[in-house]
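J.: The structure under discussion is supplied below as structure tokens; questions concerning it will follow.
Only the coordinates and a few stated rules stand behind these numbers; no lab work does. Remember, it's a predicted structure, so these values are computed and weren't measured experimentally. Glycine also receives a Cβ, built like all others from the backbone with ideal geometry; neighbour counts cover every protein chain displayed.
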């Protein structure tokens, strides 16, 4: 029973995601879906990213949380338009669904954006199942979570287009095997680009920014 | 639609959980459901806990993961009987459901256990919704995840009976406000016991062990 129901929910979601994708393509905006466990440092990475790429790249952000507007408040300081979704209003959903993103996108002047970043709910499982009509997906893994997470949560790493290994400033105080972590990632997703960085200290930020800005530029030139 | 379907799934789960609860009570085994984000250190905490409380307390463990038997392999070294559930076999479920726990419990001689610990899937959202027939619930939060998680994921902290703040050995290298974290926890769950500890260094482990062994002893004396 559960599996049939889940299939129906995902089919409905895929239809909404298709509509979003057409709409984003028509406006020429590149949409990045950022996913991770709670507390991996997505918001800090976004804060640092927005400062470096704006205003050359015109950015907007949709932030998903079950409760609070903490992250939207932090990101709004960048000057980018930010919309917070609180899934608590509709049952405490553990992911952002495509129809929710469709409604949130109404708050933006999409024609005047180059990049719309969706900071998904902190959850390494469910968000991977829900296409939101994005162009690319990035998974952020904090090195404090341990190197085996790509093996334990393979769907997320399989479905993403790049991976960030964040909080590398803490590596001296952890038993984290970086080569093993990259090996686990490439076992489930060969050749996926991996960016080792510390959003806090900004060490290693440039390769990540180059990847992101290249994606946006290619999307723009494809219009 | 989604909400109705979710209600039906949860009602079915609650019925299975009730059956589990009767069965565990009849056998006199105390069941603890441990939940957290991925990588909070649940398995390390359990390894250290089992060494300290066995064989005086006869323990069994059910470990939930989407993929891999890494955690079961680690925990089996304690000598406790361990059963690994891989939800990948039935759709990659993001939580352990009561009927799954019921089946996994068949592998144990429940009459000869004092404590059955369930290490749930690493997910700070969905597992909180699924009663598995446990006696108590503990949420583990790594201090690397940031102090605001109880406010952002209130359902989990509201439904648990105790909270562990793990990885305190990393506090010197983090901007983590312990008083704020405890404040956020007590905002959503006043008076919930909180245990600050480092499973890695074992600092602060005793108050946690006292709480757990007291729960088990009270369950035994209530028979």
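J.: Where the centre of each part is set by its Cα atoms, how far does region A:89-106 sit from region B:97-161, in angstrom?
T.: Cα centroid to Cα centroid, the span is 26 Å.
J.: Among rounded, prolate and oblate, which fits region A:1-122 when a ≥ b ≥ c are the square roots of the eigenvalues of its C-alpha gyration tensor, a/c under 1.5 means rounded, and a/b larger than b/c means prolate?
T.: It comes out oblate by the Cα gyration axes.
J.: 7 Å from Cα along Cα→Cβ at both residue B:220 and residue A:22: what's the point-to-point distance in nm?
T.: 6.6 nm
J.: For region A:138-223, what relative contact order do you get, as a whole percent, if you take Cα pairs closer than 8 Å and at least 6 residues apart?
T.: Values: 107 pairs, mean separation 26.0, N = 86.
That works out to 30 percent.
J.: Nm distances between the label at residue B:106 and the same-position labels in the remaining copies, 7 Å along Cα→Cβ, shortest first?
T.: 5.0
J.: Let me have the 222 nm mean residue ellipticity of the protein assembly as shown computed from DSSP H runs of 4+ only, each contributing -39500 (n - 2.57), with the sum over all residues rounded to the nearest 500.
T.: Calculated mean residue ellipticity at 222 nm is -12500 deg cm²/dmol.
J.: Label-to-label distances across copies for residue A:90, with labels 7 Å out along Cα→Cβ, in nm, shortest first?
T.: 2.8
J.: Between B:33, B:210, B:13, where does the largest GNM mean-square fluctuation fall for chain B, given springs only between Cα atoms within less than 10 Å?
T.: B:210
J.: Taking only C-alpha pairs under 8 Å that are 6+ residues apart, what is the relative contact order of region A:89-160 in percent?
T.: It rounds to 37 percent for region A:89-160.
J.: Here's a follow-up. Partner chain Cβ atoms within 10 Å, averaged over the residues of A:174-185 - can you pull that number for me?
T.: Numbers: counts 6, 1, 0, 0, 0, 0, 0, 0, 0, 0, 1, 0.
What the average comes to for A:174-185 is 1.
J.: Taking 0.36 nm per residue of separation and subtracting the Cα-Cα distance, what length does fully extending residue B:111 through residue B:69 add?
T.: Extra length from residue B:111 to residue B:69 when fully extended: 12.5 nm.
J.: List the distances, in nm and shortest first, from the label point of residue A:12 to the matching label points in every other copy, placing each point 7 Å from Cα along the Cα-to-Cβ direction.
T.: Shortest to longest, the spacings are 1.7 nm.
J.: Roughly how crowded by other chains is peptide A:145-154, in terms of the mean Cβ count from those chains within 10 Å of each of its Cβ atoms?
T.: Across the residues of A:145-154, the mean count of other-chain Cβ atoms within 10 Å is 6.
J.: What's the center-to-center distance, using Cα atoms, between region B:50-72 and region B:162-206 in Å?
T.: 22 Å
J.: Moving to a separate point now. Run the numbers on region B:5-217 and let me know its relative contact order in percent, using alpha-carbon pairs under 8 Å that are six or more apart.
T.: Once divided by the residue count of region B:5-217, the mean separation gives 26 percent.
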